[in-house]
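The values are calculated or read from the model by the stated rules, or taken from the named source; none is laboratory data. Bear in mind the structure is a predicted one, so any value in this text is a computation, not a measurement. Here Cβ is always computed from backbone atoms with ideal geometry, including for glycine, and neighbour counts include all displayed protein chains.
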Amino acid sequence: MNYAPVIASKGDLIMSLSVLRNLPSIDQLLQREALQDLIAKSGRDVVRDRLRLVLDELRREIVGSNGSADSLGDGAKLAGEIEQRLRESFSLRQKSQTQKVINATGVVVHTNLGRAPLSHAALEAINQVAADYSNLEYDLVSGKRGKRGTGLEAMLKELLGCEAAAVVNNCAAAVLITLNTLGEGGEVIISRGELIEIGGSFRIPDVIAKSGARIREVGTTNRTRLSDYEKAINENTKVILRAHPSNYRIVGFTEKPSLEELARLASEHGLPLFEDLGSGCLVDLNPLGIHDEPTVQQAVKAGASVIAFSGDKLLGGPQSGIILGESELIKRIKSNPLMRALRVDKLTFAALEATIAAYLSGRALEEIPVQSALHLSKETVTRRARLFIRRARKITNDFQFNAIEGHSVVGGGSAPGNQLPTTLISITSSRLAAVEIEERLRANSPPIITRIVNDNLVIDLRTVSPAAENEILSAFAKLV
Ligand SMILES: *Cc1c(COP(=O)(O)O)cnc(C)c1O
């Protein structure tokens, strides 16, 4: 058997030393023509610091290489190697920074891609409030200290007919603070069919535990009756929780009480009924063939005492968690010390108010990007796809563009069984495999995120703005 030597031979060490001696100095490197663009863009000090790291790493590799680093050779070759590593390090840093991407996947609420793009009105509102002072906690009528979110609360009451409202950082925070306020030290009743995980380690049983309440599971995975809830109620019961199974469905032999029935039971026992809606759609999606996404209005009407939902899923606003409910309960939630830790900033209030304003004025389907994308008809997507293909064919013969039938996805853990009919653009090449095209589009500036369906790269224009279409076309022009 052959064992690799643990200690480098004397000869290897001498070779490594000669490579080390050939390493150019930082000052020599900074003068190189090839680095001037990086210096101009990032500044000399930043490039110098980064060069130091690259050189340290290279030195360690050479010493640890038992002489094999000899192939790195003379000063000029080493400088080339250093330059390349430096560029990779800058590019890696740049890629990990938050930036715009083009979502060509057709997944409308894509959690990995930042969920909802904001409306123009929301962007304008953010601009106004961000660039100047604002009345965030100042009452313009009395000229005295005011409360955060008063304006938004009034808008939500008007739009949804709830008694009161509060806003926190996201829906997970809304669930946590509500359960902590209403359930701490007591029992929370929930059906076994709703012990859900949303993803990103948000699991209902864990959140209940963190809220300081104890979980009391009732029923079975597929069937839970009103009487199961009723039998579980005891002197320690503090809340009945219902969680919308956002990202999965139990089908077949199933049963669960309606929200109205649960609300009646809760009220008979003087208990609050808390509905975690998740997506919280304000628009009835039945006309789109999406039949199991309840609206917030329905939950309010059914008599839930408290309702929580996300601001950046189907609502189409900024990341936030909206809590609606009875005045007395919302007041207790607002005075929970956790509120200070979970509250949102002025930018979120500005964007959320502008988003809600679109619903109030009846223009949500036109103005809110998530809603526009969902309501885009198949005919419109098809027309845009055909036009795109015609333009693309003029730009390049290296790729074949074809329209094929397919489906867009709602996403964001909403309506998992539902797909919206769409026309996809399939893109193939005799020189590049689908994964290679995907990778190159992802490396574009701005990055273009696509899907691979049956080994073919596809683009779904449902989630692509007309301006972004042009950027995709120029990306292909560059790929030629
Ligand atoms: C998405 C979701 C959450 C978490 O919402 P975030 O806004 O991502 O914190 C909680 N509950 C349900 C039912 C959900 O669908």
*Some residue of segment 268-289 being of a type in the set (Asp, Glu), touching a residue at least 12 places away in the same chain (Cβ under 8 Å), exposed (fewer than 14 other Cβ atoms within 10 Å of the Cβ) and away from the ligand (no atom under 16 Å from the Cβ)*: no
*For segment 246-301, how many residues are under 30 Å from THR111 (Cα atoms), part of a helix (DSSP H, G or I) and of a type in the set (S, T, N, Q)?*
3
*asked:* Looking only at residues that are of a type in the set (A, V, I, L, M), surrounded by 16 or more Cβ atoms within 10 Å (Cβ to Cβ) and within 16 Å of the ligand (Cβ to nearest atom) in segment 230-261, which one is nearest to VAL410 (Cα to Cα)?
replied: ALA243
*Only residues that are within 8 Å of the ligand (Cβ to nearest atom) and among the polar types (S, T, N, Q): list them for segment 170-188, please.*
ASN170
*In segment 400-426, how many residues are away from the ligand (no atom under 16 Å from the Cβ), touching a Lys or Arg at 6+ places or on another chain (Cβ under 9 Å) and either farther than 30 Å from TYR248 by Cα or not in a strand (DSSP E or B) (or both)?*
3
_Go through segment 302-333 and report how many residues are outside any strand (DSSP E or B), within 12 Å of the ligand (Cβ to nearest atom) and of a type outside the set (S, T, N, Q)._
7
_Pairs with Cβ under 7 Å, 6+ apart, first in segment 315-330 and under 18 Å from GLN297 (Cα atoms), second among the hydroxyl-bearing types (Ser, Thr, Tyr) and in a strand (DSSP E or B)_ = GLY321/SER310
*Output for segment 115-133, where each listed residue is outside any helix (DSSP H, G or I) and either within 14 Å of LEU352 (Cβ to Cβ) or without any contact (Cβ under 8 Å) to a residue 12 or more places away in the chain (or both)*: ARG115, ALA116, LEU118, SER119, ALA131, ASP132, TYR133
*Can you name the condition, by its number, that ASN397 falls short on among (1) out of contact with any strand residue (DSSP E or B) (no Cβ under 7 Å at 6 or more places or on another chain); (2) not in a loop (DSSP other than H, G, I, E, B)?*
(2)
*Scan (1) on the phi < 0 side of the Ramachandran plot; (2) away from the ligand (no atom under 13 Å from the Cβ); (3) at pLDDT below 95 for the single condition SER361 breaks and write down its number.*
(3)
*Just to be sure, is VAL109 in contact with a strand residue (DSSP E or B) (Cβ under 8 Å, 6 or more places away or on another chain) and surrounded by 11 or more Cβ atoms within 10 Å (Cβ to Cβ)?*
yes
*In segment 190-206, which residues are under 26 Å from GLY252 (Cα atoms), among the small types (Gly, Ala, Ser) and either more than 20 Å from the chain's Cα centre (by Cα) or more than 10 Å from the ligand (Cβ to nearest atom) (or both)?*
SER191, GLY193
*Name every residue in segment 30-47 that is under 13 Å from ARG87 (Cα atoms) and surrounded by 12 or more Cβ atoms within 10 Å (Cβ to Cβ), in order of residue number.*
ALA34, LEU35, GLN36, LEU38, ILE39, SER42, VAL46, VAL47
*Take segment 334-365 and flag every residue that is assigned to a helix (DSSP H, G or I), without any contact (Cβ under 8 Å) to a residue 12 or more places away in the chain and more than 22 Å from the chain's Cα centre (by Cα).*
ARG340
*asked:* Among the residues of segment 207-229, are any of a type outside the set (Ser, Thr, Tyr), within 30 Å of ALA351 (Cβ to Cβ) and within 11 Å of the ligand (Cβ to nearest atom)?
replied: yes
